[in-house]
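The values are calculated or read from the model by the stated rules, or taken from the named source; none is laboratory data. What you see is a predicted model, and the numbers here were worked out from it, not measured in a lab. Reconstructed Cβ throughout: ideal geometry from the backbone, glycine too, with neighbour counts over all protein chains shown.
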Amino acid sequence: MSTLALTMVLVAALCHALWNIAAKRVRTGGFAFVWSYDAASVLLWAPLALLTLRASGAELSPALVLSPLVSGVLHIAYQLALQTGYARADLGVVYPVARGVGPVLSMAVAILVLGERPGWAALLGALVVIAGIVVVATGRSSTGRHGVRSGLLWGGATGLAIAAYTLWDSWSVTALEQPPLIYFLLSCLWQVLLMTPTLLRRHREDLRTVLRTHQREIVVVALLSPLAYVLVLEAMRTAPVSLVAPARESSIVVGSLLAWWLFREPDPARRLLGAAVVLVGIVLIAV
């Protein structure tokens, strides 16, 4: 991996940890919050995306319109699972579980569907990730044992969505050669369009509350989430996804530290150890 690609991935990891901290602050109205930051992302990033589209000479082909639709559906599942997890459990449980499950599932798909045969280091890495999740799961939670179970459940669901959109988006920007920023913006636009009917039918009051009380969190996520993901997509264009995916997961350790510092979540030593073990496992998977 080149120095530029590594720098982009590490900056993306920091941005990812920071926007997850902002998302954790929103305890209710998760659907409305997700819709709000997706809509804000479209508004904030549209000018740059349009300039990029014009400068690159790319055209709005059917592939460029429809491949982000699939990504949008997968990202909705990811965002709602993550927000539900943060509402019911500690970030120090949900975040490392979600980020650890994704690479393990991606490897499983590669073995079962694509017929790949990973080396011993990758298989060991999967076991190490599971061990790290066990370390995190056996600690105390500010919401009790039920909170730990909820964190594992929703963190696992989030990890499943992460594995799905990572594989799809990687294929889209490499095999289909989709421009990352334009691709991500269209994905966000699809998310807004798909979620709007449900928002208007069931979450209008939540939307008013979220817009009134969580403006800062909406802006933070709308800025940093696209920035983090576009940087990763750009890195994937020049570096193997097997190297990019684990490097970006350095956000696990940063997120665990911030969760203890900002939210005073319990068992910081155990959770930091578990997060570090998960990170080591992900690195082994990429070897």
> Which ones in region 28-59 are modelled with pLDDT under 90 and part of a loop (DSSP other than H, G, I, E, B)?
Replying inline: Gly57, Ala58, Glu59
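Scan Gln178, Gln191, Gln215 and give me the residue that is closer than 26 Å to Leu43 by Cβ, at pLDDT below 90 and among the polar types (S, T, N, Q). So that I can check it myself, show each step before the final result.
Details: Gln191 fails: at pLDDT below 90; Gln215 fails: at pLDDT below 90.
Every option except Gln178 fails the conditions.
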> Would you call Leu4 of a type outside the set (Lys, Arg), over 16 Å from the mean Cα position of the chain (by Cα), surrounded by fewer than 17 Cβ atoms within 10 Å (Cβ to Cβ) and at pLDDT 85 or above?
Replying inline: yes
> Any chance region 30-45 includes a residue that's aromatic (Phe, Trp, Tyr), farther than 29 Å from Val136 by Cβ and buried (at least 22 other Cβ atoms within 10 Å of the Cβ)?
Replying inline: yes
> Quick one: how many residues across region 60-83 are part of a helix (DSSP H, G or I) and either more than 12 Å from the chain's Cα centre (by Cα) or farther than 15 Å from Ala23 by Cβ (or both)?
Replying inline: 14
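Keeping to region 202-217, report how many residues are crowded, with 23+ Cβ neighbours inside 10 Å and in a helix (DSSP H, G or I).
Number of matching residues: 1.
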> What pairs can you find where one residue is in region 167-178 and without any contact (Cβ under 8 Å) to a residue 12 or more places away in the chain, the other is among the basic types (Lys, Arg) and surrounded by fewer than 19 Cβ atoms within 10 Å (Cβ to Cβ), and their Cβ atoms are less than 9 Å apart, with a gap of 6+ or different chains?
Replying inline: Glu177/Arg237
>> With the structure loaded, tell me whether Tyr86 is part of a helix (DSSP H, G or I), touching a Lys or Arg at 6+ places or on another chain (Cβ under 8 Å) and in contact (Cβ under 8 Å) with a residue 24 or more places away in the chain or whether it fails that test.
In response: yes
> Across region 15-27, what is the number of residues that are buried (at least 21 other Cβ atoms within 10 Å of the Cβ) and not in a helix (DSSP H, G or I)?
Replying inline: 1
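Looking at the structure I just gave you, is Ala12 under 18 Å from Ser172 (Cβ atoms) and assigned to a helix (DSSP H, G or I)?
yes
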> Being among the polar types (S, T, N, Q), assigned to a helix (DSSP H, G or I) and either touching a helix residue (DSSP H, G or I) at 6+ places or on another chain (Cβ under 9 Å) or modelled with pLDDT under 80 (or both), is that true of even one residue in region 124-142?
Replying inline: no
> Name the pairs: first residue in region 2-31 and touching a residue at least 24 places away in the same chain (Cβ under 8 Å) and over 23 Å from Pro246 (Cβ atoms), second residue of a type in the set (A, V, I, L, M) and buried (at least 22 other Cβ atoms within 10 Å of the Cβ), Cβ to Cβ under 6 Å, at least 6 apart or on different chains?
Replying inline: Ala22/Val221; Lys24/Leu91; Gly29/Val210
>> For region 90-105, check the following and say yes or no: at least one residue is surrounded by fewer than 24 Cβ atoms within 10 Å (Cβ to Cβ) and under 29 Å from Leu199 (Cβ atoms).
In response: no
> Pairs under 7 Å by beta carbon, first residue of a type in the set (Phe, Trp, Tyr) in region 246-266, partner surrounded by fewer than 21 Cβ atoms within 10 Å (Cβ to Cβ), six or more apart or different chains?
Replying inline: Trp260/Pro268
>> Looking only at region 235-282, how many residues end up being surrounded by fewer than 23 Cβ atoms within 10 Å (Cβ to Cβ), part of a helix (DSSP H, G or I), hydrophobic (A, V, I, L, M, F, W, C) and over 16 Å from the mean Cα position of the chain (by Cα)?
In response: 13
>> Restricting to region 225-251, name every residue that is of a type in the set (Val, Ile, Thr) and at pLDDT 80 or above.
In response: Val230, Val232
